[in-house]
Amino acid sequence: MTGESELLRVEELSTRFPVQGGVIHAVEGVSFTQRSGETMGIVGESGCGKSTLARSILQLVRPSSGRVLFEGTDLVGLSARRMRALRRHLQIVFQDPMASLDPRFTIGRILEEPLVIHGFGSKATRRARVAAMLEQVGLDPTAASRYPHEFSGGQRQRIGIARAIMLEPRLVVLDEPVSALDVSIQAQILNLLADLRESLGLSYLFISHDLAVVRAICDRVAVMYLGRILEEAPTEQLFAQPAHPYTEALLSAVPQPEPGARRRRVVVSGEPPNPEHPPEGCPFHPRCPRAMPVCRREPPGMRALGDGRRVACHLHDPNLVDGSGQN
Ligand code: SF4
């Protein structure tokens with residue numbers, strides 16, 4: 001489901017962390033937009049900067065430069081008071097629900113907390129809302145009197161989702177929300193997320209290393225590598241016709257849903273480079289099977305391919321390369 005209005009616009013966002021003797025470029029010049037009602041996926045290998053990007057968007061980590069426009073308001077540099085007021089519209093679900101649910105408190109208290117912080121209704125109204133929300137995420141309302149350790153991993157993630165949507169946010173960031181769960185439970189949680197999106201009109205920013213999961217739930221996907229977006233496309237186009245050699249390599253490792261379907265296996269050699277010392281030129285060139293001399297010298301700019309795709313790769317620059325790989 002996609003709406004019309006722009007919900008989120010990220011412009012040239014960079015987040016760098018000083019370390020002894022250098023700087024880690026965790027997020028570098030990231031730009032994308034997300035429409036209201038859309039599920040946008042951010043996918044990449046572990047350590048590519050996708051979780052730091054999510055936290056930078058929510059201002060849980062302070063970006064070094066760039067803008068994050070949420071419904072037109074730039075969140076970067078917003079006063080603590082204004083950010084607090086906006087928080088109810090921007091929520092996050094973490095990978096490990098056990099770590100994010102305080103074991104000392106009942107589920108009822110955990111779910112009521114955001115309502116108390118934002119001054120929502122009387123105690124009776126808040127309790128009724130907690131009960132209704134537990135039902136909405138597929139749990140019995142009596143769960144309110146129990147503690148986090150009494151639930152399974154999948155049930156705890158349902159509670160984490162309930163907490164995130166208590167205040168009817170406009171954007172929910174899902175940071176690897178099913179990675180810690182068994183595959184059968186993953187499907188149940190993805191179905192729940194899809195149902196909630198439909199019934200509550202939510203927009204998701206879905207962070208994952210798992211392309212199969214991203215394919216199941218996202219309208220559009222951005223592929224991250226070494227803190228940068230290398231390709232962004234509508235989900236089906238990305239899977240059918242990847243434009244970037246890195247996307248091609250990631251997809252070639254994913255099992256195909258159709259029986260008998262085969263994708264040419266592309267091998268990416270080596271490990272991702274150290275984000276403290278990103279390579280000159282294209283960040284992917286040390287591992288790219290199609291690298292050309294220009295790739296070592298010049299970083300490719302992001303290029304719109306028409307059909308809603310964007311890609312940062314010299315192979316798509318008609319002024320630079322004729323496809324022969326001789327530039
Ligand atoms: Fe490979 Fe060059 Fe494209 Fe980078 S710019 S992905 S090195 S072909």
Taking every other residue with Cβ under 14 Å from the Cβ of Leu196 and scoring Lys and Arg +1, Asp and Glu -1, one gets 0
Taking the convex hull of the alpha-carbon atoms of segment 1-144 and averaging its shadow over every direction gives an area in square nanometres of 11.4 nm²
In debye to the nearest 20, the charge dipole size for the chain, taken about the Cα centre with +1 at each Lys and Arg Cβ and -1 at each Asp and Glu Cβ, equals 760 debye
Stretched fully, the stretch from Arg109 through Ser122 gains (0.36 nm per residue minus C-alpha distance, one decimal, in nm) 3.3 nm
Taking a crude spin-label model, label points 7 Å out from Cα along the C-beta direction, the Thr142 to Asp74 distance in nm is 5.4 nm
Amide H contacts under 5 Å for Phe206, restricted to residues at least 5 apart in sequence or on another chain and with H modeled in the peptide plane, are Met40, Gly41, Ile42, Leu174
Counting only DSSP beta bridges with both partners in the chain, the antiparallel fraction in percent, to the nearest 5, comes to 60 percent
Per the rule of 0.36 nm per residue minus the C-alpha distance, extending Val19 to Met83 adds in nm 20.3 nm
The ³J(HN,Hα) series, computed from each phi in segment 33-43 with the Karplus coefficients 6.51, -1.76 and 1.60 at θ = phi - 60°, rounded to the nearest Hz and given as x for glycine or proline, is 10, 10, 8, 4, x, 8, 9, 9, x, 10, 10
Sorted by chain and number, the residues with a modelled amide H under 5 Å from that of Leu7, at a separation of 5 or more or across chains, are Gln34, Arg35, Ser36
Under the Karplus relation with 6.51, -1.76 and 1.60 and θ = phi - 60°, whole-Hz ³J(HN,Hα) for segment 216-233, x at Gly and Pro, equal 6, 10, 9, 7, 9, 9, 10, 9, 10, 8, 6, x, 10, 8, 9, 7, 9, 7
Of all DSSP beta bridges having both residues in segment 146-250, the percent classed as antiparallel (nearest 5) is 55 percent
Looks like segment 101-150, by Cα gyration tensor root eigenvalues a ≥ b ≥ c and the a/c under 1.5 rounded cutoff (else prolate when a/b is bigger than b/c, oblate otherwise), is oblate
Rounded to whole Å², per residue accessible area for the chain with a 1.4 Å probe reads 47 Å²
Net charge (Lys, Arg +1; Asp, Glu -1) of residues whose beta-carbon lies under 11 Å from that of Pro299, Pro299 excluded, is 0
Site Ala212, offset 7 angstrom along Cα→Cβ, radius 18 Å on amide nitrogen, limited to segment 167-202, gives 176-192
Residues whose built amide H sits under 5 Å from the amide H of Ile229, excluding neighbours closer than 5 in sequence, are Ser31
Rounded to a whole %, the carbon-and-sulfur portion of the accessible area of the chain at a 1.4 Å probe is 49 percent
A chain fully extended from His149 to Ser252 at 0.36 nm per residue, minus the present Cα-Cα distance, gains in nm 33.2 nm
Dividing the helical contributions, -39500 (n - 2.57) per DSSP H run of n ≥ 4, by the residues of the chain yields a 222 nm value, nearest 500 deg cm²/dmol, of -9000 deg cm²/dmol
With x for Gly and Pro, the residue-by-residue ³J(HN,Hα) of segment 178-189, computed from phi through the Karplus equation 6.51 cos²θ - 1.76 cosθ + 1.60 at θ = phi - 60° and given in whole Hz, is 10, 5, 8, 10, 4, 4, 5, 6, 3, 4, 5, 5
The local net charge around Gln136, scoring Lys/Arg +1 and Asp/Glu -1 for residues other than Gln136 whose Cβ lies under 13 Å from its Cβ, equals -1
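The values are calculated or read from the model by the stated rules, or taken from the named source; none is laboratory data. Just so we're clear, the structure is a prediction, and the values are computed from it rather than from any experiment. So basically every Cβ, Gly included, is an ideal-geometry build from the backbone, and we count neighbours across all protein chains shown. For accessibility, only protein heavy atoms count, side chains too; no ligands or nucleic acids. Shrake-Rupley method; radii C 1.70, N 1.55, O 1.52, S 1.80 Å.
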